[in-house]
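Values quoted throughout were computed directly from the atomic coordinates according to the rules given, and no laboratory measurement underlies them. This structure is a prediction, so every number in the text was calculated from the model and none was measured.
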């Protein structure tokens with residue numbers, strides 16, 4: 001498999017397959033939302049768009065990075081979200097890097113959003129689809145986020161049929177700048193257990209695929225849904 005690892009600023013053209021990686025914390029939070037029953041996640045381009053979607057659809061759950069803010073129902077923390085009952089709900093998510101990365105490759109025929117908690121299922125989808133050219137979008141720190149790069153490299157190896165020891169990849173995530181900032185409480189809207197939850201390998205049996213859909217009022221949306229590989 002031909003794997004490229006690019007930050008959001010390095011994206012040029014439309015890749016045939018894109019795997020958008022945000023370990024700490026967008027796509028760990030998204031996976032937890034699905035595990036707690038969410039039907040779909042709408043990826044918003046801005047806080048203003050997220051709030052407008054919430055205004056038009058009051059039953060939707062709006063999630064953002066950073067500290068709690070008026071109009072938003074939750075923050076981008078897996079530990080703070082894991083006890084929520086989201087059965088049948090639509091979540092609107094806006095984050096600094098993860099949602100930006102997915103929207104940057106929205107025209108790709110296949111867009112998967114990934115983190116360590118869905119790494120194995122993501123690799124399984126790439127294998128069953130026979131993907132021979134994959135662009136991994138390393139969303140954090142303009143492509144330099146060590147936790148995102150480690151996860152991307154791990155998924156790429158597994159998608160190619162290898163069985164790498166995950167310990168070193170997880171260690172890189174644990175020693176990353178993002179992990180240190182979360183552990184120190186530097187990032188607003190965080191919880192002391194966020195890092196540990198972000199480093200749970202294969203916690204969930206599904207991947208997450210993002211596609212263009214029409215909202216209830218016909219407006220175009222980028223929507224993330226769980227996707228279970230056949231094997």
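The percentage of C-alpha pairs in region 1-120 whose separation is greater than 23 Å is 28%.
With the Cα gyration tensor of region 18-82 giving a ≥ b ≥ c as the square roots of its eigenvalues, does the rule (a/c under 1.5 for rounded; else a/b larger than b/c for prolate; else oblate) give rounded, prolate or oblate? Cα axes put region 18-82 in the rounded bin. Taking a ≥ b ≥ c as the square roots of the eigenvalues of the Cα gyration tensor, region 97-231 is oblate, since a/c reaches 1.5 or more and a/b is not larger than b/c. In the chain, helical runs assigned H by DSSP with n ≥ 4 each contribute -39500 (n - 2.57); averaged across all residues and rounded to the nearest 500, the mean residue ellipticity at 222 nm is -9000 deg cm²/dmol.
Beta-bridge orientation, region 2-226: approximately 30 percent antiparallel, per DSSP, counting only bridges with both partners inside. The overall shape of region 153-213, judged from the alpha-carbon gyration tensor, is oblate: a/c is not under 1.5, and a/b is no greater than b/c.
Averaging the sequence gap over all C-alpha pairs within less than 8 Å and six or more residues apart, then dividing by the number of residues, gives the chain a relative contact order of 31 percent. Over the chain, the ratio between the Cα radius of gyration and 2.2 N^0.38 Å evaluates to 0.93.
Calculate the length of the line joining the C-alpha centroid of region 31-90 to that of region 165-231, in whole Å. Centre-to-centre (Cα) distance: 14 Å.
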